[in-house]
Amino acid sequence: MSGRITRGFTGKRRGQQGDRLPPGQYDVGDGWPTLTAEATPTVRTEQFELAVDGLVERPTTWSWEELLALPRSTYAGDIHCVTTWSKFDMTWRGVSLDVLLEQAAPRAEAAYALVHSSSGYTTNLPLADLRDGKAWVAWEADGQPLTREHGGPARLLVPHLYFWKSAKWVSRIELLDHDQQGFWERNGYHDRGDPWVEQRYQGD
Amino acid sequence: MSAIDPMDAVAARPTAWTEARVVEVDRPTADTVRLRLEPDERQRHRPGQHYLVRLRAPDGYTAQRSYSLASDPDDALLELLVERLPDGEVSEFLAEVLEVGDVLEVRGPLGRWFAWDTTTPALCLVGGTGVVPAVSMQRAAVRLGRSDLLRVVAVGRAPGHLPYAEELAAAGATLAWTRANVDGRRAAAPTRAEVTPLLEGVEVAFVCGSARFASYAETLLQECGLAPDAIRVERFGPTG
Ligand SMILES: Cc1cc2nc3c(=O)[nH]c(=O)nc-3n(C[C@H](O)[C@H](O)[C@H](O)COP(=O)(O)OP(=O)(O)OC[C@H]3O[C@@H](n4cnc5c(N)ncnc54)[C@H](O)[C@@H]3O)c2cc1C
């Protein structure tokens, strides 16, 4: 949309707008803001469970030890929050969703995922956004175990979408044949959330 | 979040950018500016919700930030209260450059989670500019004659530094100063002893302020016996 120029505004942060920064984002540098809608829950690893179920051949649940025993991989790159900060050059470790999906074997009609957290939080994504090396269940960020505030012990990591899709305290990935809105999506946020085309709110 | 009320289950109506004319500008404290805006188009908001403000440079560069509404839903204008952050791109512009008659791009209301339905008994524990959504909630409660449903605890550094302090106190809010001894109360963040009695009958608590304030407030409310899923949090943070 082209809009009216704001009288007297020239902009301060434009120096940071390189190819790496999606529109409307700024580089938060070394900081890492936390943004959650609820009080931070405590999930003990002894109680941790992760399930992949719904439209799959083999509904599967992993304990913490079982999750850690899966082949690990690393994401090195940037993350983008809808509240307009981006954080560059992070290193995340966890298990690729491809590994989890291979074990659970999605049925042909599975096209969407509704991701659940142990806090009750939910978020929806097209299944295609979770496949082919684009998503992880991660428990380590920049060499440190993921803290509670940032979704520890483990969170979903889908770095090519706005970060509310990367559900903290992930507990269940439910595969569906239709798109069912999650928590922020019902509250007006976008169903897909691609930062490069600014899919922030419903209607974008 | 386990008990998501019906209000949250209803799909939100999409919002669109619109233009809003600046009708009033004043400075209630040394580092805040209060703006009253008249938007071209308007959806009724719920107290607690926020708007986006977008600034546009001549070459098309834009910067957008979220600002909570202080206004009651019945107010004909949208009221924002912005703290000027040193070197802040948007807040400094709004505080120092913007004048009556200027036009801003705005979009809202947003944030249906951090919104009071005006019927559930609620407590606001808010600090600094985090008072803004509580002001909207309290104005609505006063208009509806239901001040009994809403308790507000507002935390500031010292008198003169907390926007809306007089209005909040006049409507029954508890003020807590962290750096000033006032009326026999020693400078301190609110204590369990102060907050616990206010929680009687409260079903939802709204915490708003900086990330540091929010984590203090969340912990305090849980120590006072409130269940984590009754606590809704909005952090103003560094643009997050
Ligand atoms: C839901 C919500 C509601 C909000 N409501 C309100 C409200 O009612 N009132 C209010 O005042 N605020 C509110 N905020 C905060 C507001 O959105 C802005 O974050 C705030 O005004 C700061 O924006 P800014 O452009 O002035 O600062 P920014 O330019 O974003 O900078 C913020 C701070 O970080 C520093 N900084 C940023 N980038 C850099 C950099 N590259 N290098 C060094 N330092 C940097 C700046 O010095 C500055 O102090 C709200 C936020 C949210 C999420």
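The values are calculated or read from the model by the stated rules, or taken from the named source; none is laboratory data. Bear in mind the structure is a predicted one, so any value in this text is a computation, not a measurement. Backbone-built Cβ (ideal geometry, glycine too); neighbour counts: all protein chains shown. Quick note on the areas: whole protein, heavy atoms, side chains included, nothing else; ligands and nucleic acids left out. Shrake-Rupley method; radii C 1.70, N 1.55, O 1.52, S 1.80 Å.
The table for this structure:
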{"quantity": "Per-region count, region A:80-93, residues away from the ligand (no atom under 16 Å from the Cβ) and buried (at least 21 other Cβ atoms within 10 Å of the Cβ)", "calculated": "1"}
{"quantity": "Test: residue in region B:115-130 that is more than 20 Å from B:Val207 (Cα to Cα) and either in contact with a Lys or Arg (Cβ under 8 Å, 6 or more places away or on another chain) or within 14 Å of chain A (Cβ to nearest Cβ) (or both)", "calculated": "no"}
{"quantity": "Unique match (being buried (at least 16 other Cβ atoms within 10 Å of the Cβ), more than 14 Å from every other protein chain (Cβ to nearest Cβ), under 20 Å from the mean Cα position of the chain (by Cα) and more than 16 Å from the ligand (Cβ to nearest atom)) among B:Ala173, B:Ala165", "calculated": "B:Ala173"}
{"quantity": "Test for B:Ser66: is it among the polar types (S, T, N, Q) and closer than 23 Å to B:Ala205 by Cα", "calculated": "yes"}
{"quantity": "Test: A:Leu100 is over 30 Å from B:Leu226 (Cβ atoms) and modelled with pLDDT under 90", "calculated": "no"}
{"quantity": "Pick from region B:76-101, criterion assigned to a strand (DSSP E or B) and of a type in the set (Asp, Glu), ranking: farthest from the ligand (Cβ to nearest atom)", "calculated": "B:Glu79"}
{"quantity": "Residue in region B:178-198 that is assigned by the TED database to the domain that holds B:Gly128, within 25 Å of B:Tyr67 (Cα to Cα) and within 16 Å of the ligand (Cβ to nearest atom) present", "calculated": "no"}
{"quantity": "Region B:56-75: number of residues that are loosely packed, with under 15 Cβ neighbours inside 10 Å and within 6 Å of the ligand (Cβ to nearest atom)", "calculated": "0"}
{"quantity": "Number of positions in region B:42-54 that are at the interface with another protein chain (Cβ under 9 Å from one of its Cβ atoms) and more than 9 Å from the ligand (Cβ to nearest atom)", "calculated": "1"}
{"quantity": "Residue check for B:Gly156: of a type outside the set (A, V, I, L, M, F, W, C), under 17 Å from B:Ser66 (Cα atoms) and more than 14 Å from chain A (Cβ to nearest Cβ)", "calculated": "no"}
{"quantity": "Qualifying residue in region B:214-224 (condition: open to solvent by 20 Å² or more (accessible area, probe 1.4 Å), closer than 20 Å to B:Pro133 by Cα, among the aliphatic types (A, V, I, L, M) and touching a residue at least 60 places away in the same chain (Cβ under 8 Å))", "calculated": "no"}
{"quantity": "Hey, B:Gly201 open to solvent by less than 60 Å² (accessible area, probe 1.4 Å) and not in a helix (DSSP H, G or I) or not", "calculated": "yes"}
{"quantity": "Selection within region B:204-213 - facing chain A (nearest Cβ under 9 Å) and either crowded, with 23+ Cβ neighbours inside 10 Å or away from the ligand (no atom under 12 Å from the Cβ) (or both)", "calculated": "B:Val207"}
{"quantity": "Unique match (being modelled with pLDDT of 95 or more and in the same structural domain as B:Leu168 (by the TED database)) among B:Leu125, B:Leu104", "calculated": "B:Leu125"}
{"quantity": "Filtered residue count, region B:215-240, keeping only those that are more than 7 Å from chain A (Cβ to nearest Cβ) and either among the β-branched types (Val, Ile, Thr) or closer than 17 Å to B:Gln49 by Cα (or both)", "calculated": "3"}
